[in-house]
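Peer 1: Below is the structure I would like to discuss, written out as structure tokens.
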Amino acid sequence: MSVSIRIPTILRTYTGGESVVEVEPTVETLQGSFDALDAAAPGILARLLDDAGALRRFINIYINDDDVRFLDGLSTPTPAGVQISIVPAVAGG
Amino acid sequence: MSINQERTTSFGSATHLVCRACGAHAQLGADYSCFECFGPLEVAYDYGTVTREQIESGPMSLWRYAPLLPVPPNIADTRNLQPGLTRLHRADNLAKVLGITGTLWVKDDSGNPTHSFKDRVVAVAQSAGIQLGFTTLACASTGNLAHAVAAAAARAGQKSVVLVPSNLEQHKIQATAAYNGHVIGIEGNYDDVNRLCGELIGEKISADWGFVNVNLRPYYAEGSKTVGYEIAEQLGWRLPDQVVIPVASGALLTKVDKGWREFIELGLVADRNYRVFGAQATGCNPVATAWRDGAEVVRPVKPDTIAKSLAIGNPADGPYALDAVRRTNGAIGDVTDEEIVEGIRLLAECEGIFGETSGGVTVATTRQLLAQGLLDPTAETVIVNTGEGLKTLDAVATGSGFTATISPSVESVTQVIEGAS
């Protein structure tokens, strides 16, 4: 059972141009899903997280319709079937 | 290379994009997010010399500042809405009511072609979009931007696609629809719309779309500097003591400050300490909250306010607005929906300026910051009204209507007027 992760244009160099990547995380959390993504697209994790392992400031992550900042951040559960979306944060207004 | 020469001219004195977070450079293009850290990209320039005389002899629109924007030198001759150069009103009546003894000015940007300051940013973004080969002008909007994009696209003979929250004020939807572009209501709030537009970047359906506030955002944001430029020029080439600016994404406040610092650096105005204040609605106050808490990070909120044009719960330029306010010893306040309506009425009855809800936010926050001793009542103050009250009539619907309905006779009129006095 997998989760799908939407990749922004700026990170598609890591995914061979793919805009959506399906992963099967062993741990069903956002962190677990990102680890699985990094296994499929090596190097991408370092772009999403800073040196301390926290989400970078200018990245928004959504699980289905919710910003993970309103949930539990990297600990947010990501059961099979959810859609994760990675969106650069500086748009708008 | 001729292509590079052409491109340089197409973006005027702009030279490249630079990340505001990490300083990495990028070429002038349809990028908005730093390749290194995802931080916001900003336009960098090599201005050379710009003089007051040069600006004063320019067009009677924001294009008088074309040498300071990422636009070609002949921009005023192209098909666009020619916004800007809105009035700066001396507001003595409002000053008296608010207890301001220094001079009070209202920069009234409802005087733009589609009645909000968004015409400025769209004009600059549209120019960049054309240079970069986009055929459709698009945006995520809380309403005013949608109106500005649809109109600007119509004038330039472009297609438009605007995406807005489906619960937007009816008047804004109707006004935008008049230009016959795509007006798409999204089930969700502005932050949902904004996210969707971010996801549309790089998709096939939107490959020809220049989103003014997404992939054209570095250029778009520069248009807001012209509010600051105009205030300085209209005050006789000087800066005021303090300014109060409504905060949605935080870009307007940030860019007014940037514009003033550029004017100082270019020697167009004397260097001085000015103070920048921000105004938000209590129902969407992430930047005001961060300011009060002394926080570096702006925590997103879910908006619930009548000031829909300011209802951005996850403001892109929030951290930079905080920086500008803190650096200049300003403050950011927020006011309730009731106070916003009072603010709209106060501006209208004192100065004959009918602002939209964001104008009400600014006036009411000004009153609050004065009461808290944060704004100096003896100082020269500028407040910015960013939009037109006719766009948010619902906000003032209660208690607005006939003073009386009477028979057509002199006696009846006399009775009403004398009865009311």
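Peer 1: So for the pair residue B:47, residue A:2, with labels modelled 7 Å out along Cα→Cβ, what separation do we get in nm?
Peer 2: Output for this residue pair reads 5.3 nm.
Peer 1: Please give the length that would be gained between residue B:412 and residue B:237 if that part of the chain were fully extended, namely 0.36 nm times their separation in residues minus their C-alpha to C-alpha distance (nm, one decimal). Let's see the in-between values first.
Peer 2: Details: separation 175, 0.36 × 175 = 63.00 nm, distance 5.27 nm.
Contour length minus Cα-Cα distance gives 57.7 nm.
Peer 1: May I pose another question? Search the structure for amide H atoms under 5 Å from the amide H of residue B:159, placed 1.01 Å from N in the peptide plane, and list their residues when 5 or more places away or on another chain.
Peer 2: When sequence neighbours closer than 5 places are left aside, the close amide H contacts are B:137.
Peer 1: For residue B:281, what residues show an amide H to amide H distance below 5 Å, using hydrogens built from the backbone and excluding near sequence neighbours?
Peer 2: Counting only residues 5 or more places away or on other chains, the set is B:335.
Peer 1: For chain B, set up a Gaussian network in which alpha carbons nearer than 10 Å are linked by springs, and say which option among B:400, B:61, B:249 fluctuates the most.
Peer 2: Highest fluctuation of the listed residues: B:400.
Peer 1: Mind checking the mean number of beta-carbon atoms from other chains within 10 Å of the Cβ atoms in B:31-40? It would help to have the intermediate numbers written out before the result.
Peer 2: Working: counts 3, 4, 11, 4, 4, 1, 6, 15, 6, 5.
Other-chain Cβ atoms within 10 Å of each residue's Cβ, averaged: 6.
Peer 1: Specify the residue with the greatest mean-square fluctuation among B:402, B:211, B:277, computed from a Gaussian network of chain B linking alpha-carbon atoms under 10 Å apart.
Peer 2: B:402
Peer 1: Given the Cα atoms of chain B, and with Rh set as the inverse mean 1/r over their pairs in the Kirkwood sense, what is Rg to Rh to two decimals?
Peer 2: Details: Rg = 21.3 Å, Rh = 21.8 Å.
When Rh is taken as the Kirkwood radius, the ratio is 0.98.
Peer 1: At 20 °C and 1.002 mPa s, what whole-number value in µm²/s does Stokes-Einstein give for the translational diffusion of region B:356-421, with Rh from the Kirkwood sum over Cα pairs? If you can, show how the numbers build up before the last one.
Peer 2: Details: Rh = 15.4 Å.
Rounded, D is 139 µm²/s.
Peer 1: What's the exposure ranking of B:244, B:413, B:341, B:161, going from fewest to most Cβ atoms within 10 Å?
Peer 2: Final ranking by Cβ density, sparse to dense: B:413, B:341, B:161, B:244.
Peer 1: Over region B:77-213, what is the percentage of antiparallel beta bridges among all DSSP beta bridges, to the nearest 5?
Peer 2: Antiparallel bridges make up about 20 percent of those DSSP assigns within region B:77-213.
Peer 1: Relative contact order, percent, of region B:62-181 when contacts are C-alpha pairs under 8 Å separated by at least 6 residues?
Peer 2: On the way: 176 pairs, mean separation 25.0, N = 120.
It comes to 21 percent, rounded to a whole number.
Peer 1: List the relative contact order of chain A as a percent without decimals, with contacts defined as Cα pairs under 8 Å and 6+ residues apart.
Peer 2: Values: 150 pairs, mean separation 32.5, N = 93.
Across chain A, relative contact order equals 35 percent.
Peer 1: Sequence neighbours fewer than 8 away in the same chain don't count; with that in mind, list the lysines whose C-alpha is under 22 Å from residue B:302.
Peer 2: Cross-link targets: B:172.
Peer 1: Right, here's the next one. What order do you get for B:22, B:284 when you list them from fewest to most C-beta neighbours inside 10 Å? Please report the intermediate quantities before stating the final value.
Peer 2: Values: B:22 13, B:284 26.
Going from sparsest to densest Cβ surroundings: B:22, B:284.
Peer 1: Something else about it: Taking amide H positions as placed 1.01 Å from N in the peptide plane, with prolines and chain starts having none, which residues 5 or more places from residue B:45, or on another chain, fall under 5 Å of its amide H?
Peer 2: Those qualifying (amide H under 5 Å, at least 5 residues apart or on another chain) are B:15.
Peer 1: Additional query: Highest GNM mean-square fluctuation, chain B, Cα pairs closer than 10 Å: which of B:212, B:410, B:124?
Peer 2: B:410
Peer 1: Hey, what's the Kirkwood Rh for region B:261-357 if you take every pair of different alpha carbons, in angstrom? Can you show the working numbers first?
Peer 2: Values: mean 1/r = 0.0673 Å⁻¹.
Mean inverse Cα-Cα distance, inverted, gives 14.9 Å.
Peer 1: For chain B, what proportion of DSSP beta bridges, expressed in % and rounded to the nearest 5, is antiparallel?
Peer 2: On the way: 14 of 44 bridges.
Restricted to chain B, the bridges split so that about 30 percent are antiparallel.
Peer 1: Using label points projected 7 Å from each Cα along Cα→Cβ, tell me how many nm separate residue B:372 and residue B:77, to one decimal.
Peer 2: With each label placed 7 Å out from Cα toward Cβ, I get 5.1 nm.
Peer 1: Which of rounded, prolate or oblate describes region B:203-320 when judged by the alpha-carbon gyration tensor and an a/c cut-off of 1.5? Mind showing how you got there, number by number?
Peer 2: Numbers: a/c = 2.28, a/b = 1.27, b/c = 1.79.
Note, shape of region B:203-320 comes out oblate.
Peer 1: FRET efficiency for residue B:182 and residue B:273, Cβ-Cβ distance as r, R0 = 60 Å, nearest 0.05? Walk me through the intermediate numbers first.
Peer 2: Details: r = 47 Å, r/R0 = 0.78.
With a Förster radius of 60 Å, E is 0.80.
Peer 1: Hey, another quick one. Cross-link partners among lysines for residue B:107, C-alpha distance below 20 Å, same-chain residues fewer than 8 apart left out?
Peer 2: Within reach: B:96, B:118, B:225, B:255, B:258, B:391.
Peer 1: Once you have a ≥ b ≥ c as the square roots of the Cα gyration tensor eigenvalues for region B:55-165, tell me rounded if a/c is under 1.5, and otherwise prolate or oblate according to whether a/b is larger than b/c. All intermediate terms of the calculation are to be shown ahead of the outcome.
Peer 2: Details: a/c = 3.15, a/b = 1.61, b/c = 1.96.
It is oblate, given that a/c is not under 1.5 and a/b is not larger than b/c.
Peer 1: For chain A, rounded, prolate or oblate, judged on the Cα gyration tensor with a ≥ b ≥ c (square roots of eigenvalues), a/c < 1.5 rounded, else prolate if a/b > b/c?
Peer 2: Numbers: a/c = 1.29, a/b = 1.07, b/c = 1.21.
Cα axes put chain A in the rounded bin.
Peer 1: Let me ask you something else. Taking the Cβ of each residue in B:417, B:55 as the centre, tally the other Cβ atoms inside 10 Å and list the residues starting with the fewest. Don't jump to the answer; show the numbers that get you there.
Peer 2: Details: B:417 11, B:55 18.
Taking fewest neighbouring Cβ atoms as first place, the list is B:417, B:55.
Bear in mind these aren't lab numbers, they're just calculated from the coordinates by the rules spelled out. Computed from a predicted model, the values in this text were never measured in an experiment. FYI the Cβ positions are ideal-geometry reconstructions off the backbone, even for glycines, and counts take in every protein chain you see.
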